[in-house]
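Trainee: This is the structure I have questions about; it appears just below.
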Amino acid sequence: MLLNNALLLVLLILAVAAGWTLGRSGLRMDLAGRAQLPSQYYRGFNFLLDGEEEGAVDAFTEALAVNEETLDTHIALGSVLRKRGEVDRAIRIHQNLLKRPQLSAVQLHQSHLELARDFIAAGLYDRAEQLLVDLAAQSSEFSATAQRHLLDVYEAQRDWSAAVAIAEELIALAESEGQSAAGHGQPAQQLRGHYLCEQAENAHGFGDYKAAKSFYEQALRDQPQELRALMGLVRCALKDSDRPSAMKYFSRVMESNRRCTPEILGLLRDVCSAEPYSDVYLSSLQRYYSQQNSPLLALALAEELSRQKGNEAASLFLRSTLNQYPSASVAASLALNALESQDSQPERDVLDELIRNDHGYQCDHCGFTVKTRHWRCPGCRHWDSLHYRGGALEQLNGG
Ligand SMILES: [Zn+2]
């Protein structure tokens with residue numbers, strides 16, 4: 001922090017001195033700023049001599065006149081302070097800019113945006129929202145940026161219906177300009193889908209399955225293969241005891257090309273346990289495995305074969321998969337099945353641990369790891385960036 005303050009001070013002293021020199025040589029300069037420059041400048045040095053670095057930074061900031069040439073310096077300084085967590089000081093700098101009538105409309109809007117960013121960093125969402133709504137309406141240059149920050153505000157407040165409305169505006173704006181809509185580096189269509197799924201899960205939590213189903217179906221408008229919405233629709237159909245619909249939506253989960261996970265397998269078990277015929281789970285697993293040859297599905301299929309037709313049938317199936325789809329966890333499972341005597345207990349424990357599939361999820365954006373699925377990464381706040389890592393042996397395979 002001391003080093004950062006020292007660097008900041010050197011840059012500020014240079015900026016003020018350069019501005020003053022330019023002013024003396026007759027270049028365009030704010031007259032009021034030039035008149036008060038020396039006293040603020042020397043006051044800053046007094047703070048420095050007294051060892052009060054923060055006071056010195058404030059004094060040099062005041063000494064730096066606000067005009068077209070120095071606006072970027074003020075904004076950069078405010079941004080540095082905000083990133084260092086000194087949000088109050090960043091707010092003072094940006095509020096000071098908004099009082100200057102000599103700035104153009106675009107420059108005032110830029111200052112407006114920075115102040116809104118300060119309020120978001122300070123958790124003052126109501127104040128940020130008002131600034132951003134005004135900015136989105138008044139500035140064509142900063143409208144899309146203001147709307148993306150409004151998404152930050154509504155996400156933080158969990159105001160999902162307001163977030164959906166902004167995502168819709170971003171999508172419409174991008175379509176009118178022939179561009180792809182993005183917010184936080186993710187497609188606005190994807191964000192809209194997750195905001196609707198959040199609303200659906202709230203409705204589901206209150207037992208309003210009809211409303212939940214409606215939100216999930218709206219979420220599929222732009223992304224028909226959206227896994228979260230499809231899984232939600234399976235759960236809604238199960239709540240309605242509508243088995244054909246549950247299986248219809250689960251078929252779309254299978255066709256979505258998303259990697260099968262333990263929770264998706266659990267959902268398939270729920271769908272099939274509602275079916276009157278006992279072999280539906282086995283035939284569904286066989287259909288799923290024909291579409292996706294994952295070790296997780298192979299092991300689930302072998303477990304069901306073992307239950308219905310015995311260990312020999314399960315081992316034959318697993319062995320038949322190894323030639324075409326070599327898998328360390330499938331091979332370990334076969335070795336485990338071959339161990340029968342109690343004398344082999346330590347090996348059994350090791351193999352059992354290796355083929356377990358409870359190794360959780362990892363964010364492919366920031367690397368955050370977590371045991372259970374989250375639709376939003378707790379580390380980087382990206383939506384749907386946590387992906388199933390498979391068991392320990394699958395990870396060794398690069399799974
Ligand atoms: Zn992340």
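Trainee: Taking θ = phi - 60°, what integer Hz values does the Karplus form 6.51 cos²θ - 1.76 cosθ + 1.60 yield along region 258-272, in sequence order, with x for Gly and Pro?
Mentor: Once θ is set to phi - 60°, the couplings for region 258-272 become 7, 5, 5, 10, x, 6, 5, 4, x, 5, 4, 4, 4, 4, 6 Hz.
Trainee: Next question. For region 229-273, which trypsin sites (Lys or Arg not before Pro) are in a loop by DSSP, counting at most 16 other Cβ atoms within 10 Å? List each step's numbers first, then the result.
Mentor: Details: sites: R235, K239, K248, R252, R258, R259, R269; in loops: R258, R259.
In loop regions of region 229-273 (DSSP not H, G, I, E or B), the sparsely surrounded trypsin sites (Lys or Arg not before Pro) are R259.
Trainee: Determine, for each peptide in 307-313, 262-268, 371-377, the mean count of other beta carbons within 10 angstrom over its residues, then list the peptides with the highest first.
Mentor: On the way: 307-313: 12.3, 262-268: 17.7, 371-377: 14.7.
Going from most to least packed, we get 262-268, 371-377, 307-313.
Trainee: Sort S161, S329 from largest to smallest accessible area, using a 1.4 Å probe on the heavy atoms of the protein chains.
Mentor: Details: S161 70, S329 5 Å².
Accessible-area ranking of S161, S329, largest first: S161, S329.
Trainee: Can you list the chymotrypsin sites (Phe, Trp or Tyr not before Pro) in region 196-285 that are in a DSSP coil and have 14 or fewer other beta carbons within 10 angstrom? Write out the running numbers ahead of the final one.
Mentor: Working: sites: F206, Y209, F215, Y216, Y249, F250, Y277, Y281; in loops: F206, Y277.
For chymotrypsin sites (Phe, Trp or Tyr not before Pro) across region 196-285 that sit outside H, G, I, E and B with at most 14 neighbouring Cβ atoms in 10 Å, the list reads F206, Y277.
Trainee: Continuing with the same structure: Which far-off residues, 5 or more places away or on another chain, put their amide H under 5 Å from the one on R376, with H placed in the peptide plane?
Mentor: It is D384, by chain and number.
Trainee: Cα to Cα, under 20 Å, and not fewer than 8 places away if on the same chain: which lysines meet these conditions relative to K213?
Mentor: Excluding near neighbours in sequence, the set is K239, K248.
Trainee: Using only protein heavy atoms and a 1.4 Å probe, report how much of L354 is accessible, in Å² to the nearest 10.
Mentor: Looks like 60 Å² after rounding.
Trainee: Please list, or write none, the lysines whose alpha carbon is within less than 29 Å of the alpha carbon of K83, excluding same-chain residues fewer than 8 places away.
Mentor: Counting by Cα, and skipping residues close in sequence, K83 has these lysines nearby: K99.
Trainee: Can you give the FRET efficiency to the nearest 0.05 for L339 and D279, using r as the Cβ-Cβ distance and R₀ = 22 Å? Show your work: numbers first, answer last.
Mentor: Working: r = 29 Å, r/R0 = 1.32.
Working from the Cβ atoms, E equals 0.15.
Trainee: Taking the Cβ of K210 as the center, what net charge do the other residues with Cβ under 15 Å away carry, scoring Lys and Arg +1 and Asp and Glu -1?
Mentor: Values: positive: K213, R235, K239; negative: E201, D208, E217, D240, D242.
Around K210, the charge tally is -2.
Trainee: May I ask you to list the residues of region 105-133 whose amide nitrogen lies under 15 Å from a point 7 Å from Cα along the Cα→beta-carbon direction of E141?
Mentor: 105-115
Trainee: Report the calculated FRET efficiency for V370 and A105 (r = Cβ-Cβ distance, R0 = 35 Å), to the nearest 0.05.
Mentor: After rounding, the FRET efficiency stands at 0.15.
The values are calculated or read from the model by the stated rules, or taken from the named source; none is laboratory data. What you are looking at is a predicted structure, and each value in this text was computed from that prediction instead of being measured. Cβ sites come from the backbone with ideal geometry, for glycine too, and all protein chains shown count toward neighbours. Heads up: the accessible areas ignore ligands, DNA and RNA and are worked out on the full protein's heavy atoms, side chains in. Shrake-Rupley method; radii C 1.70, N 1.55, O 1.52, S 1.80 Å.
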